[in-house]
Amino acid sequence: MSIVVTGATGHLGRHVVEQLLEKVPADRITAVVRDEAKAADLAARGVRLAVADYNAPETFDSVFAAGDKVLLISGNEFDKGRPAQHQVVIDAAKAAGVALLAYTSAPGALSAALADDHRTTEQALLASGLPYTLLRNGWYHENYTENLAPVLEHDAVVAAAGEGRVSSASRADYAAAAVAVLTGEGHENKTYELGGDEAWSLAEYAAELSRQTGREIAYNSVSTEVLTGILTGAGLPGPFAAILAGVDASIEKGELVVSSGDLSRLAGRPTTPLSEAITAALKA
Ligand SMILES: NC(=O)c1ccc[n+]([C@@H]2O[C@H](COP(=O)([O-])OP(=O)(O)OC[C@H]3O[C@@H](n4cnc5c(N)ncnc54)[C@H](OP(=O)(O)O)[C@@H]3O)[C@@H](O)[C@H]2O)c1
């Protein structure tokens, strides 16, 4: 029986594999990657590699075996039809008879267009009859802390989230929840709503940035139309800019506040505070 992780060379996948290595022998872990060279370090540590692409169903033919526990990390090719890509993995897992297929989804309350692919994939997974776990990941701290350059350049956080709050957590926190599910028992056919222990507003984010940098960083609350224009002006493709602005509209409506406590419960510890993630990002 292997623990198989797709998207293993992505940001979240790397955290998952690292945390798995602390709990299980390396030869029980299979990292599914598109580019073997990107995972050479993992292979050197004894992790098994499988090369497969969501766009090529045949590449998944021999990736899974009966009894495996699989983490399907949702793809990032928004323009290529992610539900069909995820279906490829579900079909291969079903054909092999895996013991569990866990999927990194989005909060159940999220109405933004971004969530459509996740809802479709959840339905496909339930229809497959496979034992499943829905890891409905909330927003990452890193969505903000990896994008500090324009904030520090203009001394302004620009967003279309109004006074809405978001309970983000670090990728490492979401990885810990996934690892708990993959290495623990009793997670079959469960849905976890995952988010950070604390919810914060964009104004509070700007205030924390001001405190840590010693500068006056303002929160400029704009409309989704204005934000879409700013993002396209910065070079983002129009449809992607609209998707991101749509997430801010969801934050304003409170759809990214997750108060289930599932994340810290599964991780077995409190989630990473946003202030800590900011400190780390400012040092980097
Ligand atoms: N909750 C949030 O705040 C949030 C934010 C952004 C994204 N997400 C979702 O969560 C996922 C994981 O987050 P992340 O930060 O780890 O994203 P990421 O770093 O972009 O990783 C995406 C992973 O998916 C793999 N992938 C993409 N297309 C593939 C294909 N056709 N076949 C096989 N593998 C493919 C990538 O492979 P390569 O390594 O070869 O590129 C990569 O490993 C994202 O893909 C996205 O669906 C969530």
Highest mean packing first, using Cβ neighbours within 10 angstrom, the peptides 139-152, 196-209, 55-68 sort as 196-209, 139-152, 55-68
Lys and Arg at +1, Asp and Glu at -1: neighbours of ALA39 with Cβ under 11 Å from its Cβ sum to +2
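Kirkwood Rh, the stretch 39-118, all Cα pairs: how many Å? Could you put the intermediate results ahead of the total?
On the way: mean 1/r = 0.0717 Å⁻¹.
Every distinct Cα pair counted, the radius reaches 14.0 Å.
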Note: the stretch 125-240 at 4 °C, 1.567 mPa s; Kirkwood Rh on alpha carbon pairs; Stokes-Einstein D in µm²/s works out to 78
Among trypsin sites (Lys or Arg not before Pro) in the stretch 17-51, those in a DSSP loop whose Cβ has at most 16 other Cβ atoms within 10 Å are LYS23, ARG45
One finds the C-alpha centres of the stretch 188-231 and the stretch 124-150 to be spaced, in Å, by 17
The stretch 227-281, convex hull of Cα, quarter of hull surface, nm² -> 5.5
Helix 116-128: inclination vs the chain longest Cα principal axis, degrees, rounded to 10, gives 20
The helix 274-283 Cα axis meets the longest alpha-carbon principal axis of the chain at an angle in degrees, between 0 and 90 and rounded to 10, of 90
Between the Cα axis of helix 11-21 and the main Cα principal axis of the chain, the angle (0 to 90°, nearest 10) is 50
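Given Cβ point charges of +1 (Lys, Arg) and -1 (Asp, Glu) and nothing else, what value in debye, to the nearest 20, does the dipole of the chain about its Cα centre take? Walk me through the numbers before you get to the answer.
Numbers: 22 positive and 36 negative charges, 121 e Å.
Charge dipole of the chain: 580 debye, to the nearest 20.
So which GluC sites (Glu not before Pro) in the stretch 228-284 pass both tests, a DSSP loop state and at most 12 other Cβ atoms within 10 Å of the Cβ?
Numbers: sites: GLU252, GLU255, GLU276; in loops: GLU255.
Loop-located and lightly packed - none at all.
Going highest first, how would you order 179-185, 106-112 by mean Cβ packing within 10 Å? All intermediate terms of the calculation are to be shown ahead of the outcome.
On the way: 179-185: 17.3, 106-112: 19.9.
Taking the mean over residues of other Cβ atoms within 10 Å, the ranking is 106-112, 179-185.
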At 4 °C and 1.567 mPa s, the Stokes-Einstein diffusion coefficient in µm²/s for the stretch 173-253, with hydrodynamic radius from the Kirkwood sum on alpha carbon pairs, is 81
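Which of rounded, prolate, oblate describes the stretch 133-174, given a ≥ b ≥ c as roots of the alpha-carbon gyration tensor eigenvalues and a/c under 1.5 marking rounded, otherwise prolate only if a/b is larger than b/c? Show your work: numbers first, answer last.
Working: a/c = 3.86, a/b = 1.75, b/c = 2.20.
Because a/c hits 1.5 or more and a/b fails to exceed b/c, the stretch 133-174 counts as oblate.
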Rounded to two decimals, the Debye log10 I(q)/I(0) of the chain (Cα scatterers, no solvent) at q = 0.09, 0.12, 0.17 Å⁻¹ is -0.44, -0.77, -1.40
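Computed from the coordinates by the stated procedures, all read-outs in this text should not be read as laboratory data. It should be emphasised that the depicted structure is a prediction, and the values quoted were computed from it without experimental measurement. Because the Cβ atoms are built from the backbone with ideal geometry, glycine has one as well, and the counts that use them run over all protein chains shown.
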